[in-house]
Structure formats: C-alpha cells, structure tokens
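Take a look at the structure below.
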Ligand SMILES: C[S@@+](CC[C@H](N)C(=O)[O-])C[C@H]1O[C@@H](n2cnc3c(N)ncnc32)[C@H](O)[C@@H]1O
C-alpha cells in the first residue's frame, strides 16, 4: 500500500484519535488490486491514460463501479488522475502490469488465497502451534493454487538467480549439483550457465515439477526430500527457500540427509530470509514479522536468523559457514557451508 500519512493524519493516529482501521481495510486493498488486475484495468492503463467511462466501455465493466474502484486505487497510490484521465503510478506500472520484469501478477491467486483461506486459520494455528492444513499437501489437489504459487516462486527466482549464482562458490571441477525443493529449477539453471560441465538434479513434489525449466543437463525427480533417496556424491547442494518451511526437527533431519548426500569437502547453500540482517526500519521489521506469521500459519515454519541457521548447519556437521547477501537478490540471502574433508 504505497500510502503515506500527512502530518495531521500521523498525529491523529499517534494520539489514537482515529481507530486503526488500515489493518481492517488492508485486506480490501488487496481485493482492489486483484479486481483491477483481473479486469485488465492496470494493463489497459499501461497502454494509455483513460477516463473511467473509456475503461468501462473498453473492458465491458459497469461504469459506476469502475469509477469507484478507480477512486480507491488512486487513494491507495496505484493511480493518478489529471483532467479526469487516470494513469498508472510508477508502483503499479512496475509491479502490477503483465510483462513487467518485476510483475507480481503471477502470484495473484496465491496471495489472494493466502488472505482468504489460509490466514483465517491463524487463531487455530496460534492455539495449536501448527497450521490446520499443511500448505504443500493442499497444493497436490488444487491445481489453480499450485500453478499460481509455483509461478510466484519462479518469478521471484528469475529476478534473483543470476546474482545468487555469481555469489555461490561452485568449484571448477564440480560435476554434480542437487537442488532440494528446487521446483522451477531456475537457481540451478543459472549455475548450469556458469559451469558447462555441471549437471543438476532437482527433487521436488510432483505438482512443483509440472512447470520446471527444461535444460539438457537438468534432471527433475519427483519425491520428498525428507523421505526419499537423495542420491549421493554431490559437489553442491542448494536449499533455497526450504528451511523456513520446516520445524527445527525437520530442518535438522534434512541437513543431515544433505550432509550424507554430499561428497567430503562439498558445499551446501541455504538461501532464505535470515531476519537479522535486513533493511533497517520499523516497516521492514514489521513485514518480516508478518512473513514469520505467514510461515507459521501456512507451513508450520519460521523465519530464522543467520545465527540460528548456523547452529542447525553445525549440528549437521557443516563448517566454514559464510554469509552472502548479493545486491541483486533482495529476498534471498545465502549461508554457505562446507562438509569437512574427513
Ligand atoms: C518456497 S518453495 C521454493 C522453491 C525454490 N527452491 C525457490 O527458492 O524458488 C518450496 C519448495 O519446496 C517444495 N517442497 C515442499 N515440501 C517438500 C518435500 N517434502 N519434498 C520435496 N519438495 C518439497 C515445494 O513443492 C516448493 O517447490
């Protein structure tokens, strides 16, 4: 919500003269974005600034309702209006139009469902300490949600993979890479492009592999990384956005399995949000705490600090732990560790 209080509004909120309605209305902002994206309003305005009536005619929408939505989107900071014509702001052009390299639209259904079907389970998750329905299990029978979730992770990965690949120390002699829960395969793909003799195996649940990248040196295997054979003799193992979805017990088990699958001296790379090294500021901290709640309610996981990830890595036998935060990878930091030679 690119919406900033003026001094009077900020004072009214600080003195609690007005109720904290933005938390109630925040969900409405999400639905306004979803409606605008699905009816084609954002994409139509990318083509040309238009009046509400022009948009309603072009997109066969109700003229009054379209006007109300346009007003709300203007208030939220997604549109600007001059002489009755609406135009996109920099925010909506970059993040909410089809085809923009930074578009958030592939994950629209995933985030809509997160708000409408997953978060209503928060109270129960807080009482029980675990989600009512494990997210990844529910994806196996829900193709629409699965498609949107994996399209979202692929869109995030596409932007960050080149920078993470540059930061990962893949030895020149390395031949075998395992991408645990690698889904779309884009992090592997970026490394395959840098190392022409490297071969990658992605292990993931069946629904995730439906839209996996194709490459002659990339093999996809359907299976559970907690239960099925991971293979052995790998030079490098990637665990990207995996550990945050696991309990400490599961993470410990997975890291021990990874250690067994690596050759001596091999490298494990944990890519995740570490939480103790993010952009300073209360808004960033709040986003991270909400993400932590999201991992709790959706998958029974959590945001861990680099220190906590390091403890898990050491307990599984890894050493020489280093932290990397590639500039081009704002939401995926790296903890790189080595399996000892002996
Ligand atoms: C948050 S996504 C991360 C995808 C990718 N690594 C990335 O960073 O973009 C988590 C992935 O783990 C997979 N996954 C979850 N539980 C799994 C399990 N038990 N076995 C194999 N894959 C699993 C999901 O299907 C999903 O593709």
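The values are calculated or read from the model by the stated rules, or taken from the named source; none is laboratory data. Small disclaimer: the values here were computed from a predicted structure and weren't measured. Backbone-built Cβ (ideal geometry, glycine too); neighbour counts: all protein chains shown.
A compact table of results
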| read-out | value |
| --- | --- |
| Residue 307 being part of a loop (DSSP other than H, G, I, E, B) and out of contact with any helix residue (DSSP H, G or I) (no Cβ under 9 Å at 6 or more places or on another chain) | no |
| Filter pass, residue 288 being over 14 Å from residue 241 (Cα atoms), free of Cβ contacts under 8 Å to residues at least 24 places away in the same chain and out of contact with any helix residue (DSSP H, G or I) (no Cβ under 8 Å at 6 or more places or on another chain) | yes |
| Residue 224 vs. criteria over 21 Å from residue 311 (Cα atoms) and part of a loop (DSSP other than H, G, I, E, B) | yes |
| Residue that is farthest from the ligand (Cβ to nearest atom), among those in region 194-218 that are outside any loop (DSSP other than H, G, I, E, B) and exposed (fewer than 14 other Cβ atoms within 10 Å of the Cβ) | 194 |
| Residue 316 buried (at least 18 other Cβ atoms within 10 Å of the Cβ) and out of contact with any strand residue (DSSP E or B) (no Cβ under 7 Å at 6 or more places or on another chain) | yes |
| Index of the failed condition, residue 230 passing every other in (1) within 12 Å of the ligand (Cβ to nearest atom); (2) surrounded by fewer than 18 Cβ atoms within 10 Å (Cβ to Cβ); (3) assigned to a loop (DSSP other than H, G, I, E, B) | (2) |
| Flag if residue 92 is closer than 17 Å to residue 35 by Cα and in a loop (DSSP other than H, G, I, E, B) | no |
| Among residues of region 59-85, those that are under 30 Å from residue 158 (Cβ atoms) and in contact with a strand residue (DSSP E or B) (Cβ under 6 Å, 6 or more places away or on another chain), counted | 3 |
| Unmet criterion (only one of (1) more than 16 Å from the ligand (Cβ to nearest atom); (2) surrounded by fewer than 18 Cβ atoms within 10 Å (Cβ to Cβ); (3) modelled with pLDDT of 95 or more) for residue 249 | (1) |
| Qualifying residue in region 159-181 (condition: within 16 Å of the ligand (Cβ to nearest atom), assigned to a loop (DSSP other than H, G, I, E, B) and under 17 Å from the mean Cα position of the chain (by Cα)) | yes |
